[in-house]
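The values are calculated or read from the model by the stated rules, or taken from the named source; none is laboratory data. Predicted model, so just to flag it, every value in this text is computed and none were measured. In this analysis, Cβ positions are derived from the backbone assuming ideal geometry, glycine residues included, and neighbour counts consider all displayed protein chains.
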Amino acid sequence: MLAPPDSPTVVLQVLPSLRTGGVERGTVEIAQAITKAAGIALVASAGGPMVQAVERAGGRHIMLPLDSKNPFTIWRNAARLEALIRAEHVTIVHARSRAPAWSAWLACQRTGAHFVTTYHGTYSEEFPLKRRYNEVMARGEIVIAASHFIKDLIIARYGTAPDRIRVIPRGVDRAVFDPRNIVPDRLARLARTWRLPDGVPTVVLPGRVTQWKGHAVLLEAIALMQHQDVCCVLVGSAQGRERYAASLVQQAERLGIGGRVRLVGHCDDMKTALMLSDVVVHASTEPEAFGRVVIEAQAMGRPVIAADLGGPVETVVEGITGWRVKPGDPGALAAAIDHVLRLDAGELRALGERARASVPTLDAMCDATLDVYEAVLTGHAAAA
């Protein structure tokens with residue numbers, strides 16, 4: 001419980017928009033947890049398709065132009081959030097992205113509301129002004145980090161006291177990501193949609209189509225593999241990067257694997273997509289804060305090969321719950337995929353069971369986040 005029913009804690013989460021992605025999903029999940037804990041869950045953003053998900057979770061959405069990075073709009077948004085905090089008696093503001101975080105931090109300074117942040121990404125710092133822009137994410141009374149990798153990054157960049165940082169991995173609802181819930185009809189329907197050939201192993205890379213996700217590395221690996229009968233599926237939205245998506249098609253043709261590669265775009269049924277995968281690949285060439293798709297694949301009992309950097313280092317135990325390979329190395333990735341495809345059914349089943357048992361759960365993530373809220377309310381924000 002966040003507070004007695006007669007005095008509910010009001011938590012306002014702020015983020016740019018509610019379109020799609022891990023940040024947005026986490027926002028919905030925590031809104032539901034706040035509601036279940038007898039709190040009041042508010043979410044402010046510029047809107048998007050996932051507003052309905054917030055409302056179904058028991059939260060209330062407030063439309064504000066928090067997706068703007070314009071300094072004047074950020075300043076205006078601070079006044080809007082200040083008014084919202086006062087009108088709704090908000091006690092905690094949880095910021096999940098940089099531009100909304102600056103507005104929220106200013107509003108909290110003016111109102112005395114508690115300020116919590118989740119440091120969701122690695123955030124590039126090519127020039128000093130960008131470093132200053134990113135720094136607001138380390139200003140929370142408690143800063144939530146999705147991995148120990150991100151905790152170390154925050155300490156190194158900003159000198160944040162370690163006892164102000166809480167490592168809370170993203171969690172999976174294992175009741176939802178459960179291979180027993182996937183009926184054959186769903187698998188057959190998606191296989192037809194993707195035009196998968198019968199009896200051919202499928203290697204899947206889930207992730208938005210952007211260069212650092214390593215799609216090009218995987219295509220090179222497919223061309224180098226001993227197994228030449230695999231079908232490679234790239235699942236994810238291009239989000240306006242059609243030129244890059246077209247370059248991947250051209251690369252596949254140049255490598256002589258064009259007929260074995262599918263760019264299928266966004267998928268609304270990732271559980272079934274993962275179950276169709278004989279191997280799930282995470283090939284990012286830059287470190288990720290966590291890598292949610294990795295634990296979702298593990299929850300579905302699928303073999304996972306991940307780049308050996310960033311958050312996945314903490315969720316993939318080599319040879320036990322998956323495999324890790326040198327980032328950007330097509331030869332190492334090809335060898336790892338070939339190795340997985342040579343394993344027998346018993347070995348794959350045992351690995352899947354270990355992987356599923358190892359994943360951080362949604363309940364644990366939600367409980368730990370509510371504990372953060374409790375800590376700032378009771379003045380224990382700096383407790384170890």
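Restricting attention to the stretch 322-345, the residues being of a type in the set (Gly, Ala, Ser) and closer than 26 Å to Arg356 by Cβ number 5.
So that you can scan it fast, the table gives a plain yes or no per residue for (1) farther than 25 Å from Arg292 by Cα; (2) β-branched (Val, Ile, Thr):
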{"residue": "Trp105", "(1), (2)": "yes, no"}
{"residue": "Thr117", "(1), (2)": "no, yes"}
{"residue": "Ile142", "(1), (2)": "no, yes"}
{"residue": "Ser147", "(1), (2)": "no, no"}
{"residue": "Ile150", "(1), (2)": "no, yes"}
{"residue": "Leu153", "(1), (2)": "no, no"}
{"residue": "Ile168", "(1), (2)": "no, yes"}
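Just checking, which of Val372, Val304 is surrounded by 20 or more Cβ atoms within 10 Å (Cβ to Cβ), of a type in the set (Val, Ile, Thr) and assigned by TED's automatic domain parsing to the domain that holds Asp163? Testing whether each residue is surrounded by 20 or more Cβ atoms within 10 Å (Cβ to Cβ), of a type in the set (Val, Ile, Thr) and assigned by TED's automatic domain parsing to the domain that holds Asp163 leaves just Val372.
For the stretch 165-209, a residue qualifies if it is touching a helix residue (DSSP H, G or I) at 6+ places or on another chain (Cβ under 8 Å) and at positive phi, and exactly one does: Gly207. Applying the criterion of being in a loop (DSSP other than H, G, I, E, B) and in contact (Cβ under 8 Å) with a residue 24 or more places away in the chain to the residues of the stretch 242-269, the residue that is farthest from Asp178 (Cα to Cα) is Gly256.
Is it the case that some residue within the stretch 12-20 is at pLDDT below 95, surrounded by fewer than 20 Cβ atoms within 10 Å (Cβ to Cβ) and over 24 Å from Leu129 (Cα atoms)? Yes, the conditions are met somewhere in the stretch 12-20. Among the residues of the stretch 315-334, those identified as crowded, with 18+ Cβ neighbours inside 10 Å and assigned to a helix (DSSP H, G or I) are Pro330, Ala332, Leu333, Ala334. Among residues of the stretch 360-381 that are free of Cβ contacts under 8 Å to residues at least 24 places away in the same chain, those with a beta-carbon under 9 Å from a residue that is acidic (Asp, Glu) at least six positions away or on a different chain give the pairs His380/Glu374.
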